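Following: one structure in structure tokens, then a few remarks.
The values are calculated or read from the model by the stated rules, or taken from the named source; none is laboratory data. Computed from a prediction, not measured in an experiment: that's the story for all the values here. All Cβ positions, glycine included, derive from the backbone under ideal geometry; neighbour counts span all protein chains shown.
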Amino acid sequence: MTSHLRRARDFVRTQLWPIPTIAVIIAVLMGLSLPKLDASNASRLSGERGGWLFAGDAEAARSLLAAISGSLITVTALTFSLTVVTLQLASSQFSPRLLRTFTRDRFVQFTLALFLATFTYALTVLRSIRGAGEDSGAEAVPQLAVSVAFVLTVASVVALVLFLAHLTKQIRVETMLHQVHRDAIDTMRSVLTERDPARGVPPSAPLAPPGSLEVLARGGGFLTRISQDDVLQVAVEEDVVLSLDVYPGCFVVAGTPVGSAWPRADLVLDDDTKDRIATRVGRCLHFGFERTSDQDVGFGLRQMTDVANKALSPGVNDPTTAIHALGHISAFLCELAGRDLGPEVLRDRDGLARVVLRRPDLALYVDLGISQPRRYGAADPQVLEKILQVLLDLSHNLAPDQRPVVSGQLRRLRATALSQAFDNEEETGLDALSRRIEATLHRNGAQGDIRAPIRSGDGVQRDQ
């Protein structure tokens with residue numbers, strides 16, 4: 001799927017209004033066309049009633065459609081109210097960044113679409129009903145159209161029951177974490193390529209030489225997307241090398257440097273060329289008022305970490321949810337370790353490096369996933385034990401050049417644990433798990449001294 005199609009799909013899925021709006025338009029068209037179909041097939045439909053089609057007069061049809069439209073708009077208001085309450089609960093209890101998870105829920109979107117479409121359809125058909133003697137014409141009751149309104153009403157009642165059951169499931173933290181984890185994995189797989197174990201350490205990306213042109217941001221906000229093909233085209237056509245220091249998910253202030261450019265050959269860029277390059281590169285960077293999952297690999301990890309942080313806050317005090325969130329973080333980081341991270345080099349058809357995209361490395365993602373939960377959950381040995389388990393899981397999935405990431409986090413976690421007043425049993429459990437991580441790292445070739453015990457009892461001195 002191309003980036004444009006993926007971006008359009010993400011826009012439609014994260015907004016509540018597109019699908020209901022389309023449904024309302026379809027309902028209006030049906031409400032206008034079905035009465036005409038009734039009129040053109042009146043003789044045949046009258047012979048095929050058999051209890052299946054509406055058989056009442058104009059007054060009965062009006063009463064039925066009025067009842068349908070009145071009740072459906074009430075149900076729609078109730079549905080919106082329940083959705084808003086759910087959004088408020090998710091924002092206050094878990095994280096405001098989880099609101100996108102609810103607004104992109106297709107079940108909610110299609111339920112609202114069905115309710116609004118039924119209401120609109122009933123009103124549209126209602127205007128086509130004519131009683132005997134009205135407008136100097138014969139009675140006109142579109143039997144098929146009224147029958148369709150009845151079917152839509154029954155479907156709406158069923159949808160309401162299913163919506164309540166669905167909403168009860170959606171507000172569970174397990175469901176929200178599962179959805180965020182799934183979306184984060186989808187973004188990761190669409191943006192990052194798999195790491196080739198045989199390739200070893202990737203070559204370093206070229207650095208900007210002194211005196212290179214600073215590229216300033218033409219817009220501001222969260223960087224949501226970089227048009228890589230367009231950036232590469234700019235570099236080739238201007239015969240320069242571009243280096244972008246920002247990546248999707250960064251908040252950029254307009255007028256600040258986002259990268260640099262320098263001639264590939266021994267050329268000098270004049271002022272007009274510099275302005276043109278800066279303008280063209282600026283058009284390749286797309287900004288928004290919020291982060292999206294289009295190219296932002298760290299957005300899903302940020303959401304999962306927020307859930308853990310919120311659960312560890314004094315106002316919520318739910319370490320079990322934090323531990324659950326850390327489990328999803330562990331699974332995400334383990335798969336992320338198998339992807340190409342760090343700078344990405346875009347090359348032209350001749351294989352020459354043209355664009356350098358600076359991207360986060362594994363150390364940044366791991367720090368994002370566990371540093372704040374480690375700080376906020378420092379006094380809870382079960383939370384620290386779970387973070388150690390995250391490091392242990394990660395140590396089994398790292399290449400040799402990535403293992404210092406875990407050893408560095410292990411040192412920091414040990415320092416945190418040593419600063420707490422845990423009893424001997426708690427210290428023993430933490431120390432045993434940390435030594436398992438240590439053994440795994442050394443068995444797989446990690447370098448550096450990470451043998452700092454957590455235990456302080458039984459004569460073992462606390463290391464500072």
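Please pick out the residue among Val234, Val246 that is assigned to a helix (DSSP H, G or I) and not assigned by TED's automatic domain parsing to the domain that holds Leu99. Every option except Val234 fails the conditions. Candidates in the range 376-403 are the residues that are assigned to a helix (DSSP H, G or I) and out of contact with any helix residue (DSSP H, G or I) (no Cβ under 8 Å at 6 or more places or on another chain); of these, the one that is nearest to Gly429 (Cα to Cα) is Pro400. Scanning the range 204-223 for residues that are part of a loop (DSSP other than H, G, I, E, B), in contact (Cβ under 8 Å) with a residue 60 or more places away in the chain and of a type in the set (A, V, I, L, M) returns Ala205, Ala217. The set of residues in the range 249-268 that are part of a loop (DSSP other than H, G, I, E, B) and in contact with a strand residue (DSSP E or B) (Cβ under 6 Å, 6 or more places away or on another chain) comprises Cys250, Gly255, Arg264. Can you tell me which residues in the range 95-129 are of a type in the set (D, E, K, R), crowded, with 16+ Cβ neighbours inside 10 Å, outside any helix (DSSP H, G or I) and out of contact with any His (no Cβ under 9 Å at 6 or more places or on another chain)? Arg104, the sole residue that qualifies. Is one or more of the residues making up the range 38-60 at pLDDT 85 or above, at negative phi and among the basic types (Lys, Arg)? Scanning the range 38-60 turns up no residue that is at pLDDT 85 or above, at negative phi and among the basic types (Lys, Arg).
What about Leu72, is it at negative phi, more than 31 Å from the chain's Cα centre (by Cα) and part of a helix (DSSP H, G or I)? The answer is yes for Leu72.
For the structure I just gave you, tell me whether Val307 is under 30 Å from Arg403 (Cα atoms), in contact with a helix residue (DSSP H, G or I) (Cβ under 6 Å, 6 or more places away or on another chain) and β-branched (Val, Ile, Thr). The answer is yes for Val307.
Taking the range 288-306 as the range and being modelled with pLDDT of 95 or more and among the hydrophobic types (A, V, I, L, M, F, W, C) as the test, the residues that pass are Val297, Phe299, Leu301, Met304. Could you say which residue among Thr101, Thr76, Thr86 is within 17 Å of Ile22 (Cα to Cα) and either polar (S, T, N, Q) or modelled with pLDDT under 85 (or both)? Matching residue, one of Thr101, Thr76, Thr86: Thr76.
Consider Ser147 carefully, then state whether it is modelled with pLDDT of 90 or more and crowded, with 18+ Cβ neighbours inside 10 Å. Considered against the rule, which asks whether it is modelled with pLDDT of 90 or more and crowded, with 18+ Cβ neighbours inside 10 Å, Ser147 comes out as yes. Of the candidates Leu394, Leu368, the single residue that is buried (at least 19 other Cβ atoms within 10 Å of the Cβ), hydrophobic (A, V, I, L, M, F, W, C) and either at pLDDT 95 or above or under 24 Å from the mean Cα position of the chain (by Cα) (or both) is Leu394. Across the range 150-197, which residue is surrounded by the fewest Cβ atoms within 10 Å (Cβ to Cβ) among those that are among the basic types (Lys, Arg) and outside any helix (DSSP H, G or I)? Among residues in the range 150-197 that are among the basic types (Lys, Arg) and outside any helix (DSSP H, G or I), the one surrounded by the fewest Cβ atoms within 10 Å (Cβ to Cβ) is Arg172. Here Asp348 meets each of (1) acidic (Asp, Glu); (2) crowded, with 16+ Cβ neighbours inside 10 Å; (3) in contact (Cβ under 8 Å) with a residue 12 or more places away in the chain with one exception, condition (2). Residue count for the range 233-273 satisfying the condition of being under 27 Å from Gly298 (Cα atoms) and in contact with a Gly (Cβ under 9 Å, 6 or more places away or on another chain): 15. The single condition among (1) closer than 24 Å to Pro373 by Cβ; (2) among the charged types (D, E, K, R); (3) surrounded by fewer than 22 Cβ atoms within 10 Å (Cβ to Cβ) that Asp296 does not meet is (3).
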